[in-house]
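The block underneath contains the structure these notes are about, expressed in structure tokens.
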Amino acid sequence: VRESDYAPDEKALYARRAEAEPTAASHMAVHSMDPQTLAIALNDSPAGLLAWIVERRRAWSDCGGEVERAFTREHLLTTVSLFWLTQTIGSSLRFYWETARQDWKPAHSRQPTIEAPTAMAVLPQDVFPLPRKVVERHANLQHWRVYAKGGHFGPAEAPEEYVEDVRAFFRRFRT
């Protein structure tokens with residue numbers, strides 16, 4: 001995705017992408033190159049796991065650096081507990097390693113590649129917000145919504161708006 005892919009009214013999304021790139025780059029590097037070492041450390045330390053999860057929420061949400069503006073303590077502790085109690089942080093990290101080693105290829109050559117009706121939620125503080133032009137190139141885009149707030153963890157940051165958006169998208173398919 002290039003800066004030229006972003007429409008004039010999407011320039012703030014490109015700026016956010018550039019702003020988030022350093023944090024995202026370190027995240028992608030460790031996840032795609034050495035996830036097992038990190039997984040072992042995070043599985044061994046609930047404090048380390050909490051720090052890792054909370055830092056991502058702080059850096060990638062619409063909280064202005066104050067993570068509890070976007071998430072309750074209960075939400076953060078529940079998220080960490082799910083990873084801790086199920087010992088699944090490793091599988092969530094491993095996904096990046098696997099996808100970095102195998103290019104995804106569609107099963108067909110039709111365009112758009114994603115033929116199913118597609119909805120897209122654009123959150124202003126997401127890490128890699130996609131421009132509409134790129135989404136339209138690859139998907140059968142039927143619903144596009146730019147949220148007033150939210151980041152990478154949008155459904156948790158703006159749950160009411162997200163639920164209404166999902167309902168609005170699927171309402172047209174009711175019979």
field: Some residue of the stretch 74-90 being out of contact with any helix residue (DSSP H, G or I) (no Cβ under 9 Å at 6 or more places or on another chain), charged (D, E, K, R) and at pLDDT 95 or above
entry: yes
field: Hits in the stretch 58-77 (condition: surrounded by 13 or more Cβ atoms within 10 Å (Cβ to Cβ) and closer than 23 Å to Asn43 by Cβ)
entry: Arg58, Ala59, Trp60, Val67, Phe71, His75, Leu76, Leu77
message: I'm checking my understanding of the structure. Among residues of the stretch 28-39 that are part of a helix (DSSP H, G or I) and open to solvent by 50 Å² or more (accessible area, probe 1.4 Å), which one is nearest to Tyr147 (Cα to Cα)?
response: Met28
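Where in the stretch 78-175 are there helices (runs of 4 or more DSSP H), lying fully within it, with 1 or more residues that are open to solvent by 60 Å² or more (accessible area, probe 1.4 Å) and acidic (Asp, Glu)?
Working: elements: 89-101, 132-138, 154-157, 159-171.
Here the list reads 89-101, 132-138, 159-171.
Would it be correct to say that Trp97 is in contact with a Ser or Thr (Cβ under 6 Å, 6 or more places away or on another chain), of a type in the set (Phe, Trp, Tyr) and under 24 Å from Ala20 (Cβ atoms)?
On the way: in contact with a Ser or Thr (Cβ under 6 Å, 6 or more places away or on another chain): yes; of a type in the set (Phe, Trp, Tyr): yes; under 24 Å from Ala20 (Cβ atoms): yes.
Yes, satisfied.
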field: The listed residue being over 22 Å from Arg17 (Cβ atoms), surrounded by 13 or more Cβ atoms within 10 Å (Cβ to Cβ) and touching a Phe, Trp or Tyr at 6+ places or on another chain (Cβ under 7 Å), out of Leu42, Leu50
entry: Leu42
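Being in contact (Cβ under 8 Å) with a residue 60 or more places away in the chain, in a helix (DSSP H, G or I) and of a type outside the set (Asp, Glu) is the filter here; which residues of the stretch 1-22 pass it?
Start the filter on the stretch 1-22 by keeping residues that are in contact (Cβ under 8 Å) with a residue 60 or more places away in the chain, which leaves 1, 5-7, 10, 12-14, 16-17, 20.
Still in the list and also in a helix (DSSP H, G or I): 5, 10, 12-14, 16-17, 20.
Passing the criteria: Ala12, Leu13, Tyr14, Arg16, Arg17, Ala20.
Matching residues to (1) under 19 Å from the mean Cα position of the chain (by Cα); (2) over 21 Å from Pro155 (Cβ atoms):
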{"position": "Pro22", "(1), (2)": "yes, yes"}
{"position": "Ala59", "(1), (2)": "yes, no"}
{"position": "Thr86", "(1), (2)": "no, no"}
{"position": "Ala100", "(1), (2)": "yes, yes"}
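The values are calculated or read from the model by the stated rules, or taken from the named source; none is laboratory data. In this text the structure is predicted, and so the values were computed from the model without any measurement. With ideal geometry, Cβ positions are generated from the backbone for all residues, glycine too; neighbour counts draw on all protein chains shown. Heavy atoms of the whole protein, side chains included, go into the accessibility calculation; ligands, DNA and RNA do not. Shrake-Rupley method; radii C 1.70, N 1.55, O 1.52, S 1.80 Å.
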